[in-house]
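Asker: The structure that follows is given in the form of structure tokens.
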Amino acid sequence: MKVVIPARHGKAFHLAPGDRIAITTPNGTQVGDVWALRAGNPLEYLSMEHTRSRNSNIYVQQGTLLVSNHRRPMLRVVADTSPGRHDTQLCPCNAEIYQELGVSGPHRSCTDNFHEALAEVGLALPFTPASLNIFMKVPIDAAGDVQRCPPDCKPGDTITFQADMALTVVVSACPQDITPINGADCIPGDLVARISRA
Ligand SMILES: [Zn+2]
């Protein structure tokens, strides 16, 4: 099943154990924010802090096991054609960030996309967990300084996750069009998701 996630929007997908979701950046510059919630208990969710601790690494790459806030395996990266080093540090963008960046009116955000996508499948969460930021290039130097760079991906680069438990996965095509996180031209694009059933 192939689903286009339109620029600036998000979608939720239900996965059974063993199912795979492959997410593609068609233009090579669009990044995505990814969350996962346990089926039947959305208060168990994909945790960036536990994933960093479990893997003793701040990046997600091929082979990384992604764990929940109860440290149970939720997803694993089974294939990745991108340069890897997907970001786990930056928060999902939200309305307040766009205000800080000088936007005066409404602006779509990954946080809005997360809650909208959950609502479309009848779920709700009263807070926004940290996101896994796929294709996002966020180098961190020895002093701890963080940069926000355009992605190094090629058009069509794809990261594939396999579910370890029944999950709802949310993917947001990040609407950021002020910083170059979605490419130097600052034009958000679509993402494409392909679901393969076990
Ligand atoms: Zn975003």
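Every read-out reported here was derived from the displayed coordinates using simple, explicitly stated rules and does not represent laboratory data. Being a predicted model, the structure only gives us computed values, none of them experimental. Please note: Cβ atoms are built from the backbone with ideal geometry, for glycine as well, and neighbour counts cover all protein chains shown.
Asker: Among 33, 152, which comes first, second and so on when ranked by fewest other beta-carbon atoms within 10 Å?
Answerer: Arranged by neighbour count, lowest to highest, 33, 152 become 152, 33.
Asker: Related question: Measuring from centroid to centroid over Cα atoms, what is the spacing of the stretch 55-104 and the stretch 121-182 in Å?
Answerer: The stretch 55-104 and the stretch 121-182 have Cα centres separated by 5 Å.
Asker: Between rounded, prolate and oblate, where does the stretch 82-198 land on the alpha carbon gyration tensor, with a ≥ b ≥ c its root eigenvalues, rounded for a/c under 1.5, else prolate if a/b exceeds b/c?
Answerer: Taking the square roots of the gyration eigenvalues as a ≥ b ≥ c, the stretch 82-198 is oblate.
Asker: GNM, the chain, Cα, under 10 Å: largest mean-square fluctuation among 140, 58, 181?
Answerer: 140
Asker: Can you compute the helix-only [θ] at 222 nm over the chain? Use -39500 (n - 2.57) per DSSP H run of at least 4 residues, normalise by all residues, nearest 500 deg cm²/dmol.
Answerer: -3500 deg cm²/dmol
Asker: Moving to a separate point now. Nearest 20 debye, what's the magnitude of the dipole of the chain about its Cα centre given +1 on Lys and Arg Cβ and -1 on Asp and Glu Cβ?
Answerer: Using Cβ point charges on Lys, Arg, Asp and Glu, the chain gives about 680 debye.
Asker: Reachable aspartates and glutamates from residue 11, Cα under 16 Å, same-chain residues fewer than 8 places away excluded?
Answerer: 33, 112, 116, 120, 190
Asker: Ranked from highest to lowest mean number of other Cβ atoms within 10 Å per residue, what is the order of the peptides 128-135, 92-99?
Answerer: Averaged packing, sorted descending, gives the order 128-135, 92-99.
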